[in-house]
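Peer 1: Below: one structure in structure tokens.
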């Protein structure tokens, strides 16, 4: 379909990415705990809006590059593979005591500075759009699920982006909804987060290896 390959694997990878606590999750949890579920959900929607920008840039920019140059295709693949393996290694080797302290500091700072829903949406949007790590992730992650000989690369990237955004929005909204109770308790279980990060990190390393061995 549209030259999309390994779609089931894509769904699993996106799910694992979403359930792994990161900056976006910390932001949403912080706003939910400080200002309520509505604030967390609006923050999640702002982050999703930022992902739309990344999806469009990835779909139209990468499509042109991959179609124009075999060398560019190879460079993007190798760079993407290295970045994914790097992300995986960082998750596997992460020091989680520092992460727990950072999460507590984030929540404390959010309580001290309540914002309007419009401000929350805008901050989530800007934070996501201007995050270079998100740009690199989109560039490295999406191409491996689009066949190099596909005649519909743009539509393939857009489709994957829509799926990614839909899944992320549902998960982030769910996190916002339960942030005041279940998520707060879960965030304090450093051991659980450690093994979750290691599992997802191993998956990212595998994705990076798969990406490096993909041919045009």
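Peer 1: Test residue 146 against the criterion of being over 16 Å from residue 29 (Cβ atoms), at pLDDT 75 or above, surrounded by 12 or more Cβ atoms within 10 Å (Cβ to Cβ) and out of contact with any strand residue (DSSP E or B) (no Cβ under 7 Å at 6 or more places or on another chain), and give yes or no.
Peer 2: So residue 146 fails the test.
Peer 1: What is the one condition in (1) under 25 Å from residue 167 (Cα atoms); (2) modelled with pLDDT under 70; (3) surrounded by fewer than 18 Cβ atoms within 10 Å (Cβ to Cβ) that residue 105 does not satisfy?
Peer 2: Just one mismatch for residue 105, condition (1).
Peer 1: Just to check your reading of the model, which residue among 209, 162, 178 is assigned to a helix (DSSP H, G or I), surrounded by fewer than 18 Cβ atoms within 10 Å (Cβ to Cβ) and either on the phi > 0 side of the Ramachandran plot or at pLDDT 85 or above (or both)?
Peer 2: 162
The values are calculated or read from the model by the stated rules, or taken from the named source; none is laboratory data. Keep in mind the model is a prediction, meaning the values are calculated, not measured. Please note: Cβ atoms are built from the backbone with ideal geometry, for glycine as well, and neighbour counts cover all protein chains shown.
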